[in-house]
Amino acid sequence: MAQPLRAGQVAGLRRPGLLPAEANSFVGRASELLWLAAQLRSARFVTIVGPGGVGKTRLCLRAAAALPAHRFPHGIRIVELSGVSDPAQLADTVAIALGLPERDPSAQRAAVLEYLRDRRLLLILDTCEHLVDACASFVEAVLRAAPEVTVLATSRQPFDAPGEQTFPVAPLPAETDAVELFAQRAASVLPDFTVTAANRADVVRVCRRLDGLPLAIELAAVRLRALPLAELANHLETGFGVLGVIRRGGAPRHKTLRTAIEWSHALCTPAERALWARLSVFAGPFDVAAAEEICADAALPADEVVHALIGLVDKSVVLRSDPVGDELGGAASHERRYRLLDTLREFGASQLAAAGDQARFLDRLTEHYVAMATRFDEHVLEDDHADRLCQLRAEHPNIQAALAHSLDDRDSRRPGRGPASPEQVERWRRGCRLTVALQAYWQMRGLLSAGRHYLDQALRVFPEPSPERAWALGVRGSLATFQGDLANAVADIRESIRLADEFGQELAATRGYLYLNLALAFAGEHEQATAAGLTARSGPWITSQLQLISGFALYQRPGLDADCAVAIRCALRAKHDLGDEVGMAYCLEVLGWLASRGARFDQAACLLGAADSLWRRAGSHLSSIAVLGQIRQRAADRAREALGDAGYERALARGGALELDTVVASALDERAVDKRGQALGAGARAAAVSVSVTDRGGPEAATVPAAVPAKALTRREREIAVLVASGLSNREIGSRLFISKRTVDAHVEHIFAKLQISSRVKLALWLRSQVGNGA
């Protein structure tokens, strides 16, 4: 509700200098008003700063109107400066607001200071950014000459003057005050409009897209005369052209959203304008180092970027954002970050495109995040891994922008277009490298569908056999495994391994065997999974994965619960050190199953509740993999039957409410880990070898006559032995070697007879012993 008019205020036409009546309701800003009231009790010069359209003037006037009358017995005067273009006119404009007679310009400033000298008055200078130097000089003179005068100013940039207290004004919160503002302004256009459960999501979508900027929200509400709400929200998703409506009344700089932005653009130096355009490639917050790396060139050297950035911050074009650690609850970095509002970013992008530079700087953005993702991928289990994961989470919007640009193939699919240019192919390669390097990130964040989407795009732009296709297929298969799409996962991974071998991509092939190990284990093909795992070379993250996989397999072997617990606890410890929330969720699941099978039902429910909490945070769930979901359900049913519905739900909720560190500390039974964990932690193969299953699923001793020398096999037999151990079927081996399945069958029988073994697992173990012996 608007405040009643105070003495000296008039509605409609008014004398210059007097506070205007509010034309419509004032929404939100309760904490800002309290802060301003406190500052105006102690400070003599306060500047409200913020981007155009954020509501600085409304906040200033509301704060002034709320002041008790005795504070300023000589009144409150407002000097509106938006229409003043010449700094020499400043003193005349102030004099008019104070009701002083016209004088010679050279004498007007002295007259104003003389008038203010003995008065206790609040002087408001509104819209100072285009006259900031003149205003700073004038305010400094007022503060010296008139000790009882307080100055309250609004500006898109601070004055940086002695005694100044600045108060940055942020946009309205998108889901609360911004929604209320939209509702009130929409009701003035459509009297029956209210925010309901049915339309609230669209209102919030509009307010988020407009960054809670009051001017933009008011302009959007006007469009409801012509567009339904949902359609308005959809239009805004593709750009802000729909807000080009001219608003009658008010300041000329606020007639349209674009005029408000162009007003800010005109205040910028050439370097600031160039940086504004280049910063538009960032879809989210960024730091100084990224701005320097991506935006600098010969026309804007790196040492000038930071100065231009400071200028844009001062002019409220660029806003300060929270450091990474504050945003995400981590400790990756407390370096200051910055962001552009979407409205300002789109304007900058239009300037960059008009200059023909958009593709160039988006390419540099992609290169920056390829390097960051590659560092993450290569150091996935080092001490600072959790910090690196936190950093990637903070950069997610920028990574999405890089992927959208680098994997875009629309131009190449237009009718009549020839082959893609070398520049376009190189751009696709960068995009493929980026989404592949993010494999562990997609998994740890539970962004499996998003990762597969970008990998689908990478495979679409590389439809022919290539190293890029080998890598993308392997990673897509890995993500499909965690979604329970096991048939497609195995097919993708096998083709990835084939292409990796064809193009000499040894690391891609090694990772392919790891992915195949996991997919086959989830599919219940434990013997083939073990063989594939033995073929892979272990690395730190791979070790934790194989420990986890071994735990899954061991759980399904009667009498091996203690071995399963050891493997899973080792994996849990590593996953916790990594910050791998999805991996920890799997570990807690298995420990919960073990507790249920061991009749520790309260513990089982707590562990399952803790796992559920992680699944919710990751946006995924175990039930996407059918066999694991069934095991989980059986464990939960046993616990529920023992505890009763109420007791089970209480224990489940208790586990879900615990801090993650507490859950992990409780789940890590140190005595059990100390007893047998060292051998398991020494390498992935030791964990994998602990499982050996016959074709019929029964136990079998994992021994092999290692004394049989490699030369016992012919060259062709050794070649086939390696392929058998990798998990390929006899038919697939025949296709690979261009021989019949019957021929492969015969070779496999001869190999087994020579080595005196009867299973593929033992063949894999024999091959491993030969490698260990240097054969």
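The values are calculated or read from the model by the stated rules, or taken from the named source; none is laboratory data. In this text the structure is predicted, and so the values were computed from the model without any measurement. Glycine gets a Cβ as well: all are built from the backbone with ideal geometry, and neighbour counts include every protein chain shown. Only protein heavy atoms, including side chains, enter the accessible area calculation; ligands, DNA and RNA are left aside. Shrake-Rupley method; radii C 1.70, N 1.55, O 1.52, S 1.80 Å.
Here are the numbers for this structure:
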{"quantity": "Fraction of antiparallel bridges per DSSP, the stretch 28-157 only, in percent to nearest 5", "calculated": "0 percent"}
{"quantity": "Anisotropy class of the stretch 122-236 from Cα gyration tensor, a/c 1.5 cut", "calculated": "prolate"}
{"quantity": "Cα-derived Rg over Rh, computed across the stretch 40-84 with Rh taken as Kirkwood radius", "calculated": "0.98"}
{"quantity": "Leu61 accessible area, 1.4 Å probe, all protein chains in place, Å² to nearest 10", "calculated": "30 Å²"}
{"quantity": "Burial ranking of peptide ranges 72-85, 482-495 (average Cβ count within 10 Å, highest at the top)", "calculated": "482-495, 72-85"}
{"quantity": "Isotropic mean projected area of the C-alpha convex hull, the stretch 79-132 (nm²)", "calculated": "3.7 nm²"}
{"quantity": "Percent of alpha-carbon pairs separated by more than 21 Å within the stretch 26-157", "calculated": "38 percent"}
{"quantity": "Two-decimal Rg/Rh across the stretch 449-506, once Rg and the Kirkwood Rh are taken from alpha-carbon atoms", "calculated": "0.96"}
{"quantity": "Accessible area, probe 1.4 Å, largest first, for residues Trp442, Trp35", "calculated": "Trp35, Trp442"}
{"quantity": "Sequence of Glu649, Glu502 when ordered by accessible area, the most exposed leading, probe 1.4 angstrom", "calculated": "Glu502, Glu649"}
{"quantity": "FRET efficiency, 1/(1 + (r/R0)^6) with R0 60 Å, evaluated for Ala712 and Ala201 via beta carbons", "calculated": "0.30"}
{"quantity": "Sequence-distant residues sharing a close amide H with His74 (under 5 Å, placed H)", "calculated": "Arg120"}
{"quantity": "Residue-wise HN-Hα coupling along the stretch 110-125, computed from phi with Karplus coefficients 6.51, -1.76, 1.60 (Hz; x: Gly, Pro)", "calculated": "4, 5, 5, 5, 5, 4, 7, 3, 10, 9, 9, 9, 9, 9, 9, 10"}
{"quantity": "Along principal axes, Cα extents of the stretch 160-227, largest first, whole Å", "calculated": "51, 20, 16"}
{"quantity": "Rounded percent of accessible protein surface that carbon and sulfur make up, the stretch 391-500, 1.4 Å probe", "calculated": "48 percent"}
{"quantity": "Within the stretch 39-146: Cβ-based charge dipole about Cα centre, in debye rounded to nearest 20 (Lys, Arg +1; Asp, Glu -1)", "calculated": "680 debye"}
{"quantity": "Heavy atoms of Arg393 accessible to a 1.4 Å probe, total area in Å² rounded to 10", "calculated": "90 Å²"}
{"quantity": "Separation of the Tyr115 and Glu378 label points, Cα + 7 Å toward Cβ, nm", "calculated": "6.9 nm"}
{"quantity": "Rough spin-label spacing in nm, given labels placed 7 Å along Cα→Cβ, for His74 and Glu231", "calculated": "5.8 nm"}
{"quantity": "Directionally averaged projected area (convex hull, Cα atoms, the stretch 604-659), nm²", "calculated": "3.6 nm²"}
{"quantity": "Principal axes of the stretch 95-189: Cα extent on each, largest first, Å", "calculated": "51, 30, 26"}
